[in-house]
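Some notes on the structure that comes next.
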Amino acid sequence: MHRFGRTLAFGGTFLLTILLVGGCFDGAVLGLVEPPPEGMPAYGEIGAEDASFMIAALRDRPDFVLLDIRTPAEVEAGHIPGAVNIDYRGGSFDAELDRLDRDVVYLIYCRTANRTGQAFARMMEMGFGRVYDLQGGITHWAALGYPVCIGPLDAEHACVEAFPTPSETAES
């Protein structure tokens, strides 16, 4: 789908999400998308632009988790704002995944999307329903100029948390 068409499709979902979360609904928690926005898969790989829109729209919702699966040292070197960490190489990855809610939406990433391909397959085997894999990992994300924080996840540190909105992308 043409970039502008994807932007419009996801932008409509973004606005709908804001309206629903903003109080125009009876308070029931909805899934991320039923069905997914036009041009976006129900799960699988998504690009940095769609991932940025997803994070901006859903980062404050309890049914959304931005999951960094790199080592703690890699996370400290730079992570996407709002991420939580489970170390794929830490030896307890499956056990930590097993404790996660299978009914929420996960956007997973690593350095270059190698580990996430393996983690994605594992999560599907374990019964997770909505898992998105950031294409190119944080390396590609940062190269495109999307926000990255430096330092450990649990430390207070300054980081840019400005995610572009669909209207900003359409104007450029």
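The values are calculated or read from the model by the stated rules, or taken from the named source; none is laboratory data. Owing to the predicted nature of the structure, the values given are computational and were not obtained by experimental measurement. A quick note on method: Cβ atoms are made from the backbone with ideal geometry, for glycine too, and the neighbour counts reach across all protein chains shown.
Within segment 98-112, track down each residue that is free of Cβ contacts under 8 Å to residues at least 40 places away in the same chain and closer than 21 Å to residue 50 by Cβ.
Going residue by residue through segment 98-112, those that are free of Cβ contacts under 8 Å to residues at least 40 places away in the same chain are 98-102, 112.
The answer is 112, and nothing else.
Filter segment 50-94 down to the residues that are assigned to a helix (DSSP H, G or I), surrounded by 19 or more Cβ atoms within 10 Å (Cβ to Cβ) and of a type outside the set (Gly, Ala, Ser) and list them by number.
Across segment 50-94, the qualifying residues are 50, 53, 54, 55, 58, 75.
So residue 98 passes all but one of these: (1) at pLDDT below 95; (2) of a type outside the set (A, V, I, L, M, F, W, C); (3) out of contact with any Lys or Arg (no Cβ under 7 Å at 6 or more places or on another chain). Which condition number does it fail?
Only one criterion is unmet by residue 98, namely (1).
What about residue 119, is it at pLDDT below 90 and buried (at least 19 other Cβ atoms within 10 Å of the Cβ)? It would help to see each step written out before you state the result.
Details: at pLDDT below 90: no; buried (at least 19 other Cβ atoms within 10 Å of the Cβ): yes.
Criteria not met by residue 119.
Out of segment 125-148, which residues are in a helix (DSSP H, G or I) and touching a residue at least 24 places away in the same chain (Cβ under 8 Å)?
Answer for segment 125-148, where residues must be in a helix (DSSP H, G or I) and touching a residue at least 24 places away in the same chain (Cβ under 8 Å): 137, 138, 139, 140, 141, 142.
Going through 143, 119 one at a time, which residue ends up being within 20 Å of residue 92 (Cβ to Cβ) and among the small types (Gly, Ala, Ser)? Please lay out each step first, then the result.
Details: 143 fails: within 20 Å of residue 92 (Cβ to Cβ).
Matching residue, one of 143, 119: 119.
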